[in-house]
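The values are calculated or read from the model by the stated rules, or taken from the named source; none is laboratory data. Bear in mind the structure is a predicted one, so any value in this text is a computation, not a measurement. All Cβ positions, even for glycine, are placed from backbone atoms using ideal geometry, and neighbour counts span all protein chains on display. Ligands, DNA and RNA are excluded from the accessible area calculation, which covers all protein heavy atoms including side chains. Shrake-Rupley method; radii C 1.70, N 1.55, O 1.52, S 1.80 Å.
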Amino acid sequence: MTKRPPEPDEAFVTLLTGNQSQLLGYIMASVANSNDSQDILQKTNIQLWRNHESYDSSRPFLPWALTLARFQILSFYRDRQRDRLIFDADVLESLQTVTEERIQSVPRRQEALRSCLVKLKDEQRTILSLYYAHRKSIEQISLSCNRSIDGVKSLLLRIRKNLKECIDTRMNTSPESQS
């Protein structure tokens, strides 16, 4: 009877599940097809699970996981070489390097967004929520908020601009940006 390797511990499972959105974002930036990205994410998760013993818990989890995801992406493109539009390996590696850097800043950007959202007026948060969380159309929002369609459009534009500036400011003044 063959001996099975030990199962990953709870800390590893927490890291794996906690980084799914960053892994998927990284994969989607490299593949750009939702179905293919989901397939690659599943294969990546299987590899992460199988290789959990090689993870050094004294080091950050995400860079290690992104490396395994990169191999799954390269495997995907290798298997798809018969398709017309395939990136050159150097181009793909450059894209992945930039994406890795951006994916690792996602938690900081999310925290900055949360802080910036708190600064908005209630009506602004309501309109953002209707548009993004509840997926209401501009027309539906204009009816529910007693604003013109153009008024809602320009308000959303101003809110997004202000949020971007606020996030950029917070990202540039955070301790990590100074290291």
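A few comments on the model shown:
- Where a residue in segment 28-44 is among the basic types (Lys, Arg) and its partner, wherever it lies, is open to solvent by 20 Å² or more (accessible area, probe 1.4 Å) and part of a helix (DSSP H, G or I), with Cβ under 6 Å and at least six apart: Lys43/Gln72
- Some residue of segment 143-156 being charged (D, E, K, R) and open to solvent by 90 Å² or more (accessible area, probe 1.4 Å): yes
- In segment 105-179, counting only helices (runs of 4 or more DSSP H) that sit wholly within it, the ones holding 3 or more residues that are free of Cβ contacts under 8 Å to residues at least 12 places away in the same chain span 106-118, 138-145, 149-173.
- Single match in Val106, Val98 (criterion: modelled with pLDDT under 90, touching a Gly at 6+ places or on another chain (Cβ under 9 Å) and of a type in the set (A, V, I, L, M)): Val106
- When Glu101 is tested against the conditions (1) more than 29 Å from Ile73 (Cβ to Cβ); (2) exposed (fewer than 15 other Cβ atoms within 10 Å of the Cβ), the lone failure is (1).
- Between Phe61, Phe12, Phe76, the distinction of being surrounded by 17 or more Cβ atoms within 10 Å (Cβ to Cβ), of a type in the set (A, V, I, L, M, F, W, C), touching a helix residue (DSSP H, G or I) at 6+ places or on another chain (Cβ under 9 Å) and under 18 Å from Ser105 (Cβ atoms) belongs to Phe61 only.
- Subset of segment 24-52 [exposed (fewer than 12 other Cβ atoms within 10 Å of the Cβ) and modelled with pLDDT of 90 or more]: Asn35, Gln42
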